[in-house]
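The values are calculated or read from the model by the stated rules, or taken from the named source; none is laboratory data. Keep in mind the model is a prediction, meaning the values are calculated, not measured. Virtual Cβ from ideal backbone geometry, glycine too; neighbours counted across all protein chains shown.
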């Protein structure tokens, strides 16, 4: 009876298997000798990436929180429930860094993208890792030699139309006292980089690590754009499908006087944090773009104010609950309406905390 399923048409088998969570599929793969070719088949992987039942999607979805110990020695990758934020599993990366430090670029459809670099430069190597199947892929560096190179900016995402993972790399360099840049795109399916001849990034991202948020097929960074009066903060977005740039405005009625802005993920959209100094502490105004790419859809949803919060909130659970790391290294879920902190019983180096959404998949499974 256990083998009768494999006598069904392949498309029916794929449909049945696609309704199972990843954990069940991997267990099935281990105990049934007939199943590996089916589960590893590219058509099934694409089907699983494009359509999943609500139950399977809920079982596969987690929150990944990264943090370092206060002595800078240990790094932790903690998978957590997206509802309670309680830890379900600590991950171990089967990859030894070449440059000393792994920075998280982003996560999409089961793959986590890292930039293997160090604290002092933005030169490094891109790594893709699937924790569900414990496989990683080191991406060869593109051939790119510029004498006056300054720094790289990295983005990562998934093109649903083409079942394609892509990495975008912007290389900034100086020439005759002017800042120039080159744009390069890596496709996992072809395992190759291509330089976008004639294309330049329309904005500037400063030297140093810049966080990004992937929304609706676009990688989004906070950047600077030249205007008549000097420079202004904008969002630079890169369409991974069309491989083109777009510039998005910040909220038109944002209160002036902020000294810092940053992007964090919020469900299927993104949130903007604007930081202000006040007499009684520090304040973060939280904005959500309800309709991606429409500047009029920016909506200020809450204000996060606490004297022990000097770094940006990590992410928004909803319009009034925000994940934060306090100055003493405590990870907290802050309810703005109740003005209450829920201690998640996690301690680390407060500026090291990073939180991203993670959904398990079979990406990189090739047999």
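If the condition is being crowded, with 19+ Cβ neighbours inside 10 Å and out of contact with any helix residue (DSSP H, G or I) (no Cβ under 7 Å at 6 or more places or on another chain), then the stretch 347-362 contributes 348, 350, 353, 355, 356, 358. Might you check whether a residue that is in a strand (DSSP E or B) and within 26 Å of residue 130 (Cα to Cα) occurs anywhere in the stretch 195-205? No - not one qualifying residue is present in the stretch 195-205. Taken over the stretch 275-300, residues that are farther than 24 Å from residue 63 by Cβ and not in a loop (DSSP other than H, G, I, E, B) amount to 11. For the stretch 120-132, indicate whether the set of residues that are touching a helix residue (DSSP H, G or I) at 6+ places or on another chain (Cβ under 8 Å), surrounded by 14 or more Cβ atoms within 10 Å (Cβ to Cβ) and in contact (Cβ under 8 Å) with a residue 60 or more places away in the chain is non-empty. Yes.
Scanning the stretch 133-152 for residues that are more than 22 Å from residue 188 (Cα to Cα) and at pLDDT 75 or above, we see that the one that is surrounded by the most Cβ atoms within 10 Å (Cβ to Cβ) is 151.
One line per residue, one yes/no per condition, for (1) surrounded by 17 or more Cβ atoms within 10 Å (Cβ to Cβ); (2) under 18 Å from the mean Cα position of the chain (by Cα); (3) part of a strand (DSSP E or B); (4) at pLDDT below 65:
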{"site": "14", "(1), (2), (3), (4)": "yes, no, no, no"}
{"site": "17", "(1), (2), (3), (4)": "yes, no, no, no"}
{"site": "23", "(1), (2), (3), (4)": "no, no, no, no"}
{"site": "28", "(1), (2), (3), (4)": "no, no, no, yes"}
{"site": "43", "(1), (2), (3), (4)": "no, no, no, yes"}
{"site": "47", "(1), (2), (3), (4)": "yes, no, no, yes"}
{"site": "66", "(1), (2), (3), (4)": "yes, yes, yes, no"}
{"site": "90", "(1), (2), (3), (4)": "no, no, yes, no"}
{"site": "99", "(1), (2), (3), (4)": "no, no, no, no"}
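Taken over the stretch 168-180, the criterion of being free of Cβ contacts under 8 Å to residues at least 60 places away in the same chain and surrounded by 18 or more Cβ atoms within 10 Å (Cβ to Cβ) is satisfied by 169, 170, 171, 172. Comparison of 304, 324 shows that the only residue that is under 19 Å from the mean Cα position of the chain (by Cα), crowded, with 19+ Cβ neighbours inside 10 Å, touching a residue at least 12 places away in the same chain (Cβ under 8 Å) and assigned to a strand (DSSP E or B) is 324. Selection of the stretch 273-285 for residues being under 27 Å from residue 64 (Cβ atoms) and without any contact (Cβ under 8 Å) to a residue 40 or more places away in the chain yields 274, 275, 282, 284, 285. If you check 245, 224, which single one turns out to be farther than 19 Å from residue 115 by Cβ, at pLDDT 95 or above and part of a strand (DSSP E or B)? None of the other options fit; the residue is 245.
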